[in-house]
1. Looking at the stretch B:35-63, which of the residues that are touching a helix residue (DSSP H, G or I) at 6+ places or on another chain (Cβ under 8 Å) and in a strand (DSSP E or B) is surrounded by the fewest Cβ atoms within 10 Å (Cβ to Cβ)?
2. Look at the stretch A:56-90 and say how many of its residues are more than 19 Å from A:Ser41 (Cα to Cα) and open to solvent by 10 Å² or more (accessible area, probe 1.4 Å).
3. If you check B:Ile67 against the conditions, is it over 21 Å from the mean Cα position of the chain (by Cα) and either in contact (Cβ under 8 Å) with a residue 60 or more places away in the chain or not in a loop (DSSP other than H, G, I, E, B) (or both)?
4. Have a look at B:Pro66, B:Pro121, B:Pro86, B:Pro127 and point out the one that is open to solvent by 10 Å² or more (accessible area, probe 1.4 Å), more than 7 Å from every other protein chain (Cβ to nearest Cβ) and not acidic (Asp, Glu).
5. Consider A:Ile162 against the criteria (1) among the aliphatic types (A, V, I, L, M); (2) within 20 Å of B:Ser68 (Cβ to Cβ); (3) more than 10 Å from chain B (Cβ to nearest Cβ); (4) surrounded by fewer than 23 Cβ atoms within 10 Å (Cβ to Cβ): it satisfies all of them except one. Which criterion is unmet?
6. Conditions first: (1) within 21 Å of A:Gln208 (Cα to Cα); (2) without any contact (Cβ under 8 Å) to a residue 12 or more places away in the chain; (3) of a type in the set (A, V, I, L, M, F, W, C). A:Cys52 passes all but one, so which condition is the exception?
7. Filter the stretch B:185-207 down to residues that are within 12 Å of the chain's Cα centre (by Cα) and either open to solvent by 10 Å² or more (accessible area, probe 1.4 Å) or closer than 23 Å to B:Gly83 by Cα (or both) and give me whichever is farthest from the other protein chains (Cβ to nearest Cβ).
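The values are calculated or read from the model by the stated rules, or taken from the named source; none is laboratory data. Note that this is a predicted model, so its numbers are computed, not measured. Every residue, glycine as well, gets a Cβ built from its backbone with ideal geometry; the counts of neighbours run over all protein chains shown. Note: areas computed on protein heavy atoms with side chains; ligands, DNA, RNA excluded. Shrake-Rupley method; radii C 1.70, N 1.55, O 1.52, S 1.80 Å.
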Amino acid sequence: MKLTNEELLEMQRRMLRIRLFDERASKMVKRGQIPGTVHTSVGQEAQVVGACMAVRADDYMTGNHRSHGHPIGKGSALGPLMAELLGKATGICQGKGGSLHLADFAVGSLGESGIVGSSIPIAAGAALSSKLLAQDRVALAFFGDGAANQGGLYEAMNLAGIWRLPVVFLCENNQYALSTPAATVTSGRIADRAHGFDIPGVRVDDGQDVLAVHDAVREAADRARRGEGPSLVEVMTYRFHEHSEGLRLSTDYRDAAERDAWLARDPITLFRERLLADGVAAAEALDALEAEVADEVEAAARFALESPLPEPEVAFADLYTDPSAAEVAA
Amino acid sequence: MSATAPAPSTTTMTYREAVRLALREELLRDEDVFLMGEEIGVFEGSYKVTAGLFREFGPIRVRETPISEEGFVGAGIGAAMMGLRPVVEIMTLNFILVAMDQVVNHAAKIRYMFGGEVGCPLVIRTPNGGGSQLTAQHSQSFEVFFAHTPGMKVVAPSTPADAHGLMKAAIRDDDPILVVENLQSYKVRGEVPDDPDRVVEIGRAAVTREGSDITLVAHSFAATRALRVAERLKRDHGVDAEVVDLRSLRPLDTETVAKSIQKTNRALCVDEGWATYGVSAEIASRIQRACFDDLDAPIERVGLAEVPMPYAKQLERAAIVNDDKIMAAALSVLDLGPDVFSY
């Protein structure tokens, strides 16, 4: 699949956005500027961006608790996203969703969810709407290796299989739940499970290679768009941070040699080398891109920090379409 | 202005037929409406509510599903978020528990949690109820679980006219709604107005029998029982009972309930589900607040015994709500019979 230089650079830009956004958010958690915690996609940028850029801007996407990477990968503006993490009035969900439960409908993001695996059937429903409305939109359902052992995934895969729904089931296999190795709780290969539903299942062994991810997802998305039904793509990757920021855990659960080997394969560095080697861009241009994204993230953080908190009345708004339905026993 | 409008024409039909008519009319009215559920096509639904619809509208709009409640309720949510109007049948209320996460964590929260931009106009319709020896896992009336959940609407009609009008209102509503039908109610007959544009407003209770001595508050099939008990109270004791059929559990029409009790000064809440933490607990709380100075007796409640529904007929009879238990409870509230409340 031949990508233009602009597309290749856009991939790098979005990976940088995720990296710098999530690192900035991590700092803000530690400074107490973001309440609770966030789950970063640091280390998994190639897997997210490769998938997001393999579908169209108007395609649908659902996600999980590792939540900001997906909308950024799909093209979200960073300011409202960061403001949401800070619980500000200017947040993409008006400060009501937070990190775990955000959606950016402008880029087809139908919702990240903190209930592992639960958004997958909703992606199937969005795909069903695409089919019923004779659109050619595809739904990209992100989930982790942990969700691969939730029943809802298989209900959704079965529905998508029998109804030939345009869904790409995208398993982000970062190889650990919080600390539990996927290998100890997962029977067989996740990608192979697709075969039981008579749908294609492929594994991308190098999920740090954005182009490898892109090509696999592109094939699945094109197939879905042609009306040939769903696919499962499992992408092997690694999270560079803890399960969530500020989590006080020994990292003993990950073997040091394994960890070093993955950390040495930073997807952004790898792709930068590739862009240089292929003559897509010169080092100065890539440096400028990095500086540009750093400024963009800094502006988003400033926007979020300077934004007002929501008015308390917002807590009672938007429960029902007609506010009068929101009776509450005083 | 002064001319009396002619009485609207009506047709007598069963509750089951009234639901079916509402579904058919809405399928005809709005091409975004489609039905989804187990065995609703060729088999026409386990309780035959969708009879004839598969033949008329075909497999795209009357969509048969595998036995995957979590999957197809979730798919209904996704389709509803994208602007379609799915009407998802759960074979009986009991089976919705495996889709509880989809309903409570997604459908009910989408509009609120994501800042009000996108809603979820999903209808889930399903019958509750017991009394047919279907036992513990197949006889339940826990609609209150959903009425407890902000973001959900729950309606539970007891008459054919309300079943028709509320179903149509639910399908046209932009919020997620659980429409609770009832296995015993399906065969209840009544008049349904012929006007296909008539809807029954969600969130309004109905006074289905006027009286001055006691108010029986109920919903779903318990509201039908309450009317029967009211007739017995009149016949056997000369008591005039008022019956308030809640029709909608969320939003809840406290005003109609309170107005009735301000008149009758006595209240008995009847619910086929468990009383503890139940619909009747909520009603009692609201009554005591709205009618504190009007009450001549404690607000009392009748519900399913606090056990899972047992199987053997005589055991089921011991546990379930029936007319005799409602009668005894009403007489107790009226100081015309012994105290039957032991909780």
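1. Within the stretch B:35-63, the match that is surrounded by the fewest Cβ atoms within 10 Å (Cβ to Cβ) is B:Met36.
2. Of all residues in the stretch A:56-90, those more than 19 Å from A:Ser41 (Cα to Cα) come to A:56-60, A:87-90.
Checking which are open to solvent by 10 Å² or more (accessible area, probe 1.4 Å) leaves us with A:56-58, A:60, A:87-90.
Residues that pass the stated criteria total 8.
3. Working: over 21 Å from the mean Cα position of the chain (by Cα): yes; either in contact (Cβ under 8 Å) with a residue 60 or more places away in the chain or not in a loop (DSSP other than H, G, I, E, B) (or both): no.
So B:Ile67 fails the test.
4. Details: B:Pro66 fails: more than 7 Å from every other protein chain (Cβ to nearest Cβ); B:Pro86 fails: open to solvent by 10 Å² or more (accessible area, probe 1.4 Å); B:Pro127 fails: open to solvent by 10 Å² or more (accessible area, probe 1.4 Å).
That would be B:Pro121, the only listed residue that is open to solvent by 10 Å² or more (accessible area, probe 1.4 Å), more than 7 Å from every other protein chain (Cβ to nearest Cβ) and not acidic (Asp, Glu).
5. If we test A:Ile162 against (1) among the aliphatic types (A, V, I, L, M); (2) within 20 Å of B:Ser68 (Cβ to Cβ); (3) more than 10 Å from chain B (Cβ to nearest Cβ); (4) surrounded by fewer than 23 Cβ atoms within 10 Å (Cβ to Cβ), just (3) comes out false.
6. The single condition A:Cys52 does not satisfy is (2).
7. The residue in question is B:Ala205.
Listed here are the residues, each with its yes/no results for (1) charged (D, E, K, R); (2) facing chain B (nearest Cβ under 9 Å); (3) assigned to a loop (DSSP other than H, G, I, E, B).
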| residue | (1), (2), (3) |
| --- | --- |
| A:Gly111 | no, yes, yes |
| A:Ile115 | no, yes, yes |
| A:Ala123 | no, yes, no |
| A:Leu140 | no, no, no |
